[in-house]
Each structure stands twice: as structure tokens, then as C-alpha cells.
1. If you take the charge dipole of region 48-385 about its Cα centre, with +1 on Lys and Arg Cβ and -1 on Asp and Glu Cβ, which of 88, 325, 268 is farthest toward its positive end?
2. Over region 48-385, calculate the relative contact order: mean separation of alpha carbon pairs under 8 Å at least 6 apart, over the residue count, as a percent.
3. Shape of region 48-385 from its Cα gyration tensor (a ≥ b ≥ c, root eigenvalues): rounded if a/c is under 1.5, otherwise prolate when a/b > b/c, or oblate?
4. Need one word for region 281-324: rounded, prolate or oblate. Basis is the Cα gyration tensor (sqrt eigenvalues a ≥ b ≥ c); a/c below 1.5 gives rounded, then a/b vs b/c decides.
5. At a 10 Å Cβ-Cβ cut-off, how would you order 82, 77, 284, fewest neighbours first?
6. Work through the residues other than residue 189 whose Cβ is under 9 Å from its Cβ and net out their charges, Lys, Arg +1 and Asp, Glu -1.
7. Please sort by residue number the GluC sites (Glu not before Pro) in region 89-184 whose DSSP state is loop and whose Cβ has at most 11 other Cβ atoms within 10 Å.
8. Starting from the eigenvalues of the Cα gyration tensor, five times each then square-rooted, give me the equivalent ellipsoid semi-axes of region 38-122, largest first, whole Å.
Amino acid sequence: MSAARPYIPRPGEPALQAARFPNSRKRQMQIWWREVDRVLLGLVLLLMAIGAVAVAAASPASARRLSGAKGTLSDLHFFWLHLRFQLLGLIVMFGTSLAPREWVRRGCILLACAMFLALCLVPILGTEVNGARRWLDLGMSFQPSEFLKPAFAVLCAWVLSWRLRDPELPVIPLSAGLLAAIVALLMMQPNLGEAILFVGVWFVLAMLAGLPMQRIAILGGVGTAGLTLAYLFYDNARHRIDAFLGGGTAFDQVDLASRTLMAGGWTGSGLWLGVRKMNLPEAHTDYIFSVIGEEFGLLVCSLIVVLYMAIVLRVTTRLLREDNLFIILAATGLIALFGGQAFINILVNLQLFPSKGTTLPLISYGGSSTLAQCFTIGLLLAITRRNPYLEREKFDLRTALEKEIER
């Protein structure tokens, strides 16, 4: 008699199921290791390692620039802080990736509600930094919009997936109303970059959910009209667009970032040997890609772009076998958010896009941004988990059905 196959819970099954067996925690980790996308995990960890080195390279420029206002800071001040945030981020990432799919959905709905309320409080109780009021200080300063982004992607995916049950439900207007409220709150901060990311994620999900082409064209016209009105009546948008077209302090910053990026050539000047980075504002956050270009060269910059593309493609191909509409929409929204933010930041550093004040995911220094990006990746790892035994059984069943049909 052959030995019985060991029981392996389905992806998303509550972790309490594993507690019926001895050494449940160890068994839970074994199940997680079998189901998790290890290729995606490896790409993310490699990107975070590059980020740690990049912050070490950019830290002296920012530390010396801020030493006058914040006292004397050591050259590696931001590097040591970044390592702490990365450690916390890894805990958040791995903890989130262990969650069943149902817990992911419920948790993100609750988080979206909490962060939306926090976003409403930012104009009243928020802390102002560099002319923008985006942070709340509740013993620890954090940016609500950073955590609202992944929660919004999952919440929006859940609402749009209702259409599968009843095509008559007004899921697109409902999600668009929530989007409009969030964008209005972001424009008050002002935070045009985050607003564009929210709109982009919603647009991708709406198209994937079956938005008709006529409505897509209408929304395109509405978006163009909205940008025109923002340029005419919204100072933050007008200043950024004018700076992109040339002129003003912001243009000088982006132009300096572009020149810094190209200064290192293909191989770079070497770690801590860059000179142009010392004049960069926010070298450790918004313009860290330019610091990488100067000190490590365009080859490393190209590697980073390839890594981002590989992460996006890996998640996309992982969804090809998925038949759950909510999972498809949620994963697409999360990866669109992650990839969109990365490429906006890179294009800004290349002087190909107006400055948005967005960080480079998993590479730039930041507390809220690092934790939020690790949370986003944790959500992706959780909802794309696969049981290899079930996948094999599905494949065998599909093959058998195809052969039976051929007969």
C-alpha cells in the first residue's frame, strides 16, 4: 500500500487548519515555502539590497545638506535609519505574505477605511514639511496616503469584482466616487503625484473589469480636461508643468538630477566618489536614481530597470492560471501601483516627466514609503500563493478533459 499523501491546505485556507497537526508553526512555514512565489521574493530582496547600498551612497549628500537645520548629522545617518526601516519592512512583508486571501481582503477594507479617515485629518492636524502637509504625527510620523494606496487597490478590486455576480451593479461609478474623494483630499495637501497614481490604478482596474471603449474615450477626455483645469487653477500643478517645460527652481533641480545621472558614464565614479550628488535636493529619496547613475553607472541603472520589469512580468505571468476575478484585479492593481511609481520616479530623474515628489519603491529612503512598499509586496505574495499539488491535479484534469474531447 502506498503511503498517503500529506495534507496540504489550499491557498488562502486559514492558518488554524495547520494547527491540527503537531509542530503547526513549522508546518505552516513549510506550506508557505511551497506556495509562495520564490522568484518574486528573490527579485524583491535583491532590489532591497541594492536600495541599502544606494541609500549609503546618497546619505552623505542629504546629511550634510540638513545638518544646519537638524544639528550635526553623520554622513551615514540616513543609511542606518534606512536599515531599521528595511528590517521592519521585511517583518511586515513576511507577516503579510502568510495571511490567507480572505484575511487580505478583509484587512485591506478595514485599512482603507482607517487611512481614508486619517487622510481627512491631514489638512487639519497634519505636519507641514517643505510646503506640503502630508503627514500625521501620532507619536510616530506617517503618511496616510502611502498605506491607502495598496488598500485602495484591493478595495477597488473587491468592488469591481461584484460585477461578476450582477452586471447591473454600478460598481464603476461607485469606485469612481471613492477615487474622486481621495483625489480631492490629496490635492489639498498638495500631492499631485499620489493623485495621478490613484487615478492610474483605478483606470487600469476599470478597463480590466470590462469598462466599454466608449467610456474609456470619455474618461480620456475628462482626464485631459482635468489636467488643463489643474494647470489653470491649481498652483502646484502649474508650477510643476512649467518647471518641466523649462524655468524655475524645480526645473533646475530636475536638470541637475539628469546631469548627475549621466555624470558617471557606464561604470560610475565609485561609491562615495560622486561630486554632483552633493548639490542634489532630496538625494536619498526623490533623486536617488541619479545618485546611483553617478556612483555606480548606467549599467547598474539599467539593471534596476530590468528588475522592476521582471517583477511586473512575474506577477502578470503568475496570474495567467488564475480564475478568481478578485485575485486578478487585486494583483493587477497592486503591481500597477508598484511599477507605475517606479517608472514615474525614473522618468523624472531622466527629465522625461514633471517632478512628482515620489520615491523609488524599495530603493529610496523612507519610513512610511518603505513600510508601505513592503506591505504591498507582502499582499502580492499572499494573493499569488499556489498549492503545487492542486496545480498539478488541475493540470492533469484539464489534460484528461482535452483528450476526452478529442476522442
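1. Farthest towards the positive pole: 325.
2. Relative contact order comes out at 28 percent.
3. Working: a/c = 1.63, a/b = 1.43, b/c = 1.14.
Prolate, because a/c is 1.5 or more and a/b exceeds b/c.
4. On the way: a/c = 7.90, a/b = 2.49, b/c = 3.17.
In terms of gyration-tensor shape, oblate.
5. 77, 82, 284
6. Residues close to residue 189 contribute a combined charge of +1.
7. 168
8. Working: eigenvalues 203, 90, 15 Å².
Ellipsoid half-lengths, sorted descending, are 32, 21, 9 Å.
Every read-out reported here was derived from the displayed coordinates using simple, explicitly stated rules and does not represent laboratory data. These figures come from a predicted structure and were not determined experimentally. With ideal geometry, Cβ positions are generated from the backbone for all residues, glycine too; neighbour counts draw on all protein chains shown.
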